[in-house]
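Okay, so here's the structure we're looking at.
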Amino acid sequence: MTHCLIMKHKTVDIITMGCSKNLVDSERLMGLLEANGFQCTHDSDDPKGEIVVVNTCGFINDAKEESINTILEFVQAKSQGRIEKLYVMGCLSERYLADLETEIPEVDGWFGKFNYRELLNELCSEPVCEGKRHITTPRHYAYIKISEGCDRHCAYCAIPLITGKHRSRPMDEILDEVRQLVKDGTKEFQVIAQELTYYGVDFDGKQHIAELISKMADIEGVEWIRLHYAYPAHFPWELLDVIREKKNVCNYLDIALQHISDHMLTNMKRAVTKQETYDFIDRIRRELPGLHLRTTLMVGFPDETDEDFDELIDFVKWARFERMGAFAYSEEEGTYSAQHYQDNVPDEVKQRRLSKLMRVQQNISAEIEASKIGTVQRIIVDRKEGDYYIGRTEYCSPEVDPEVLIPVSSGKMNIGDFYQVKITDAEEFDLYAIKI
């Protein structure tokens, strides 16, 4: 029998900062807490739980600042008696545990990225240590994290400092999780990792991502699989065969490229050249002409010149990425670039370059989306808002990609079901359609 320190109500609010990988950790913690008799809510607009757990992000300065501010908001709530206990977990506390414990003593307990299960020992004297993951997304889709950590050593990235070396989850464990989620009604799976193409290398020195995705696709009830966070160097080309052959693997691939000039790629320690990157994109386009590529690019890395940036603009115009995000360089302590380079591109130059890059991409995106007018697309419906159902095609990941708006007047649709629609209009980042 489980013995918990707080018996009345036992409500816990989980607040998740940062990426979908953090979200999976929050969902696992919620499952453990519920197995021990707690009632959990996630990202409540007005948390009223006796206990609040903040799952922090520590990737870049803006994310760290947001995490700190959120912690301080709940410190104030605790001082006002609105909550009883405050705990912090995740990337920020993994990286800065000693400093945070000293600077914010009002927090009742600090946990890192991997020891958050120990929170149960704080709350229960004899905790149940297994629990069914609590999915916080709409039931029809979920994120599947296949590994932790990263063995790449990009000059700007603090992730390896936080999460350590790459560690793949056992394949059978992942497939069992997918089967269980299918039983619970999940149809769409976003496969995530810091570097998914490295999956399995720590098992036997070989990349097993293609094998994993192929087996996942063979599970009955899996309708869509979408791949996030690949790496261009040593890309496993057999993965393209799986995308081509398995109809439920979406024509979508998320590969962060960061830059294109050899000067920047070398300084960033990306282990790939400009010509190799062009060849890489060209091969993907030839082998899978319908594939939608998502990438992330960076401006303002130390010593980035106008010529470097011009090369980046030319590359984006050539590649015509269907999906693209970009951000300005943020110096992160402990990284190679912080130790060896001077952050010498002025902030106003970074922001000017970022704005120009995104304007170029907006025009490309508008043209690509407009080309879909008149086509018939299969969509999944995520929600209803006002007079529209909101759905996505296979080319769109939740929350980050364009959506499809279908008027309620065109016919009833069920949340989580698939439909055929005809695209009638397009904006830069959204489509309009009618049910057919």
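Annotations
- Close pairs (6 angstrom Cβ cut-off, 6 or more residues apart or separate chains): without any contact (Cβ under 8 Å) to a residue 40 or more places away in the chain in region 86-111, among the aliphatic types (A, V, I, L, M) and open to solvent by 60 Å² or more (accessible area, probe 1.4 Å) anywhere: TRP110/LEU97
- Scanning region 159-192 for residues that are touching a Phe, Trp or Tyr at 6+ places or on another chain (Cβ under 6 Å) and at pLDDT below 95 yields one hit, HIS166.
- Of everything in region 246-259 that is part of a loop (DSSP other than H, G, I, E, B), in contact with a Phe, Trp or Tyr (Cβ under 8 Å, 6 or more places away or on another chain) and surrounded by fewer than 22 Cβ atoms within 10 Å (Cβ to Cβ), the residue that is modelled with the highest pLDDT is ASN248.
- Comparison of LEU97, LEU181, LEU123 shows that the only residue that is more than 21 Å from the chain's Cα centre (by Cα) and crowded, with 20+ Cβ neighbours inside 10 Å is LEU123.
- Some residue of region 299-316 being modelled with pLDDT of 95 or more, open to solvent by less than 10 Å² (accessible area, probe 1.4 Å), under 25 Å from ILE162 (Cα atoms) and within 21 Å of the chain's Cα centre (by Cα): yes
- Residue within region 147-157 that is at positive phi, in contact with a His (Cβ under 7 Å, 6 or more places away or on another chain), at pLDDT 90 or above and assigned to a loop (DSSP other than H, G, I, E, B) present: yes
- Residue that is over 30 Å from HIS259 (Cβ atoms) and in contact (Cβ under 8 Å) with a residue 40 or more places away in the chain, where the choices are ILE390, ILE436, ILE364, ILE406: ILE436
- Inside region 260-289, residues that are in contact (Cβ under 8 Å) with a residue 12 or more places away in the chain and open to solvent by less than 70 Å² (accessible area, probe 1.4 Å) make up a count of 16.
- Restricting attention to region 158-177, the residues being in a helix (DSSP H, G or I), under 18 Å from the mean Cα position of the chain (by Cα) and in contact (Cβ under 8 Å) with a residue 24 or more places away in the chain number 4.
- Qualifying positions in region 382-436 - within 26 Å of the chain's Cα centre (by Cα) and of a type in the set (Gly, Ala, Ser): GLY391, SER397, GLY416, ALA426
- Filter result for SER67 (open to solvent by less than 60 Å² (accessible area, probe 1.4 Å), touching a Ser or Thr at 6+ places or on another chain (Cβ under 7 Å), among the small types (Gly, Ala, Ser) and within 22 Å of GLN190 (Cβ to Cβ)): no
- Once region 379-436 is narrowed to residues that are small (Gly, Ala, Ser) and on the phi > 0 side of the Ramachandran plot, the residue that is least open to solvent (accessible area, probe 1.4 Å) is GLY416.
The values are calculated or read from the model by the stated rules, or taken from the named source; none is laboratory data. On a predicted model such as this, the values are computed, not experimentally measured, just so you know. Neighbour counts are summed over all protein chains in view; Cβ atoms, including those assigned to glycine, are modelled from backbone coordinates with ideal geometry. To get the accessible areas, we keep the full protein, side chains included, count just its heavy atoms, and leave off ligands, DNA and RNA. Shrake-Rupley method; radii C 1.70, N 1.55, O 1.52, S 1.80 Å.
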